[in-house]
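The values are calculated or read from the model by the stated rules, or taken from the named source; none is laboratory data. Source: prediction; values computed, not measured. Positions of Cβ are backbone-derived with ideal geometry, glycine not excepted, and every protein chain shown enters the neighbour counts. Note: areas computed on protein heavy atoms with side chains; ligands, DNA, RNA excluded. Shrake-Rupley method; radii C 1.70, N 1.55, O 1.52, S 1.80 Å.
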Amino acid sequence: MELSPPPSELEAEYATLFTTGSLHFLHELISTFDKEVEQILQLRVSRKAHLDISGDLPNFLESTAHIRADPDWRVLPVPPRLQKRHVDIGDMAPCDTQCFIRALQSPAQGIQ
């Protein structure tokens, strides 16, 4: 684990976040799960390579087919507000008040 110095003017927040206890906790997490995470990441890379080479598409497990066949086990439909998103304004921060107000007043269906 490597800790970089805090960005300028964020020293207090940095000290609040990276306490001795939180750093010990992170160290314990990394020590406990690092090998397992590395194995999972390697499996992900090999699975992607297999899918790229074979042209196969990922699919659901056969052992869970009964769940997908159950007509009572469904998600709700997409809400009407999200069904037609032809115009979407991205990267809009509320801290830029004037731009945010203009975005809210615009005919866009979504603001991110």
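Using the 1.4 Å probe convention, the accessible area of the chain works out to 93 Å² per residue with neighbouring protein chains retained. For GluC sites (Glu not before Pro), the sites in the stretch 9-87 that DSSP calls loop and that have at most 10 other Cβ atoms within 10 Å are GLU9. Per-residue surface analysis assigns ILE101 an accessible area of about 70 Å², computed on protein heavy atoms at 1.4 Å probe radius.
Which percent of the accessible heavy-atom area of the chain goes to carbon and sulfur, probe 1.4 angstrom?
61 percent
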